[in-house]
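Encoded as structure tokens, the structure appears first; notes follow it.
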Amino acid sequence: MDSSRISEIRKNATINCFFTQNPSGKKELSLDDMISNNLGGREVIFNGALVNSIQPNFIYSSIDSASIQTLVMNALTNLLVDCAATNIGPTRSSRMYYLFFFTVAAAYNWVAGDIRGVKDNWDWSQGSRIDNADVYRWMVLAINHSMPKLVSGWTPSISTTYISEFTTFSNAWDSWWAYRVNDGNLGALAPPSTSLLPNGNTLLEVTTSQDFTNSVLYPEPKKWTPLSISGVPKRYLTYNWESVKSTCLTAADDTAIASSAQTLFPTDSEHTSEIGDLLTLTSALTDTQKVIAEFWAGGPNTVTPPGMFIWLWKEFILGANIRGVNGLSVLFKSGLDLAAGLFESSRLAWKLKYQNLQARPIQDIRRIYNGTNVTLYNGTVVNGNVWVPFQPPTIVTPPFPDFPSGHSTFSQTFALIMSDWFGASIPTMPGQFSNIRLLSPILQAQTGNFGSFTINTGTSETQPAVVPAAPVTLTWTTWQQIADSAGISRQYGGIHCTSADTGGKAVANSLRPLQKAYWGLR
């Protein structure tokens with residue numbers, strides 16, 4: 001494009017540019033017309049759509065967007081599979097997803113993005129100008145450089161020739177990585193000292209009754225006690241996770257969010273009432289309620305929340321068929337937004353869990369209803385002192401306190417972010433449903449619309465060959481419906497009370513505006 005043509009464009013209020021498709025159908029070509037977004041600061045209409053701020057300076061219409069999306073999604077699938085296989089749990093996996101999305105977003109932003117400023121100790125304004133045709137190779141290099149730190153034994157499936165500018169990026173990323181992970185796997189493996197637990201060395205054995213009047217074993221019988229399942233202790237998982245560095249919140253922010261949610265923590269009388277309500281609910285579960293409980297269970301060999309919501313985001317992006325440079329911007333920004341939100345959710349929820357050390361329903365029902373006949377989910381009448389929730393016998397109850405619900409915090413964060421990016425309603429479109437059993441083991445390969453899942457007869461892991469008696473289809477038409485389903489699923493499963501759900505949602509609702517203002521992604 002010669003200088004006279006540029007001068008002519010500068011005089012116009014709006015710049016129009018278009019692309020044509022090359023014969024292979026893989027790359028969008030811009031002719032010579034990669035129009036500078038700084039031509040007088042005017043709006044640009046690109047391929048018929050208004051583009052507000054594609055940066056830096058060029059519209060990358062020749063970037064191989066479809067190949068880059070496939071590359072990123074394949075790497076993400078590797079991470080999801082690894083998190084499920086290693087059973088690292090909700091908190092540690094939330095950080096893994098954040099590390100991944102930060103890395104791919106930072107790499108793309110370095111050469112073709114528009115995020116600016118210093119965020120989470122990374123200067124997003126830095127970057128290099130490389131040929132459009134090299135952006136795909138650049139992303140291959142970034143993924144090959146970072147994935148071995150995220151997935152043990154990861155082997156690149158795609159190799160590429162080196163781009164000299166990549167050294168600067170990789171050195172900067174290595175420094176950021178050291179900063180972000182220098183707190184190690186804080187609280188990941190070692191349980192807290194028994195002196196930090198309200199009932200010391202006591203373990204609540206699932207298969208036997210307990211004497212909660214024994215003040216030696218239970219000096220604080222209303223406080224959380226670890227379970228023992230078939231003689232195997234289930235110690236506190238990541239009890240001090242709130243100490244992991246935030247991506248965007250100050251200590252004052254953390255305190256304000258926790259204080260807001262803490263107002264929903266029940267009094268003793270309120271908690272006794274909600275425990276009674278939960279006992280009534282779980283004694284008469286319908287097949288649909290049982291299916292919802294198991295759909296969201298997040299047990300071993302699944303991605304667990306928050307990975308469930310990363311999986312749903314991935315399938316939505318693939319199904320929506322977002323393409324072109326704007327599509328890549330949406331992919332990287334919305335993915336980073338979601339991953340950062342889920343990571344912060346885990347920090348905040350676990351802060352409150354350790355702050356309150358509230359007993360799980362299995363402990364409170366056994367304590368309150370000792371000597372009283374109660375009805376289990378399968379219709380069996382037992383002494384309340386041996387009550388068990390609707391969960392597989394290998395899970396029974398997760399190894400951390402009740403308030404607030406991690407499921408509710410993660411799912412509400414997901415609903416808020418997806419609504420911000422894509423509107424409150426879920427569009428009708430075909431579902432991809434790849435690696436579907438990462439989401440839930442009761443799911444089988446299927447086709448249909450995104451947001452709709454059919455669970456076949458007898459696929460329950462808690463009541464196999466019995467539940468459901470007939471196929472059950474779960475359908476959600478808004479992101480909030482997904483969050484509400486995930487939240488109440490823990491009550492159907494008998495492992496959270498109502499206040500844990502409302503408390504988790506409160507954490508997410510307080511977090512979102514602060515995170516959104518800091519990152520400025522949407």
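Brief remarks on what is shown
- Size of the range 381-474: Rg and Dmax of its alpha carbons, in Å, are 16.9, 50.
- Note, ³J(HN,Hα) from phi for the range 247-264, Karplus 6.51, -1.76, 1.60, rounded to Hz, x at Gly and Pro: 7, 7, 9, 8, 4, 5, 4, 3, 5, 5, 5, 4, 5, 4, 6, 4, 5, 8
- TRP177-LYS223 FRET efficiency (beta carbon distance; Förster radius 35 Å; 0.05 resolution): 0.35
- Across the range 493-509, computed HN-Hα scalar couplings (Karplus, 6.51 cos²θ - 1.76 cosθ + 1.60, θ = phi - 60°) run x, x, 10, 8, 9, 4, 5, 5, 5, 5, x, x, 4, 5, 4, 5, 5 Hz from first to last residue, x flagging Gly and Pro.
- Assigned charges on the beta-carbon of Lys, Arg, Asp, Glu; the range 243-519 dipole about Cα centre (debye): 560 debye
- Using only Cα coordinates, the Kirkwood hydrodynamic radius of the range 100-157 works out to 12.2 Å.
- At R0 = 45 Å, FRET efficiency that the Cβ-Cβ distance of ILE158 and SER195 yields, to 0.05: 0.30
- For the pair THR375 and ALA470, label points projected 7 Å from Cα toward Cβ lie 2.2 nm apart.
- Considering only VAL111, VAL382, THR428, and ranking their Cα positions along the charge dipole of the chain that arises from unit charges at the beta-carbon of Lys, Arg, Asp and Glu, the one farthest toward the positive end is VAL111.
- Packing-based order for 228-239, 356-367, 332-343, 107-118, using average beta carbon neighbours within 10 Å, highest first: 332-343, 356-367, 107-118, 228-239
- Sequence-distant residues sharing a close amide H with GLN358 (under 5 Å, placed H): TRP224, ASP402, PHE403
- Folded to 0 to 90 degrees: helix 268-282 orientation relative to the chain principal axis, Cα: 80 degrees
- Sorting the segments 388-395, 415-422 by their mean number of nearby beta carbons within 10 angstrom, highest to lowest, gives 415-422, 388-395.
- Restricted to Cα atoms, the range 243-519 shows a radius of gyration and a Dmax of 19.0, 65 angstrom.
- Separation in nanometres of the label points that stand 7 Å from Cα toward Cβ, at SER425 and ALA85: 4.2 nm
- Using θ = phi - 60° in the Karplus curve 6.51 cos²θ - 1.76 cosθ + 1.60, the 3J(HN,Hα) couplings for the range 83-89 round to 4, 5, 5, 8, 6, 7, x Hz; x is entered for Gly and Pro.
- Simple label model, 7 Å out from Cα along Cβ direction - SER128 to THR168, nm: 0.8 nm
- Here, the chain yields an orientationally averaged convex hull projection of 25.6 nm² when only Cα atoms define the hull.
- Under 5 Å between amide hydrogens, built in the peptide plane, is the criterion, and for ASN87 it picks out ASN301 among residues at least 5 positions away or on other chains.
- Amide H contacts of GLU205 (H built 1.01 Å from N, under 5 Å, at least 5 apart or other chain): SER228
- One decimal place: the segment SER67-ALA251 gains 62.1 nm when fully extended, by the rule 0.36 nm per residue minus the C-alpha distance.
- Compactness relative to 2.2 N^0.38 Å, alpha carbon Rg of the range 341-396: 1.49
- For the chain, the longest principal axis of the C-alpha atoms and the axis of helix 135-150 are separated by about 30°.
- Cα-centred dipole magnitude for the range 269-354, charges only on beta-carbon of K, R (+1) and D, E (-1), debye, nearest 20: 460 debye
- Once the Cα-Cα distance is subtracted from the 0.36 nm per residue extended length, the ASN214 to GLN444 segment shows a gain of 78.1 nm.
- Electrostatic dipole magnitude of the chain [Cβ: Lys, Arg +1; Asp, Glu -1; Cα centre; debye, to 20]: 260 debye
No lab work stands behind these numbers, since they all come straight from the coordinates. Source: prediction; values computed, not measured. Glycine also receives a Cβ, built like all others from the backbone with ideal geometry; neighbour counts cover every protein chain displayed.
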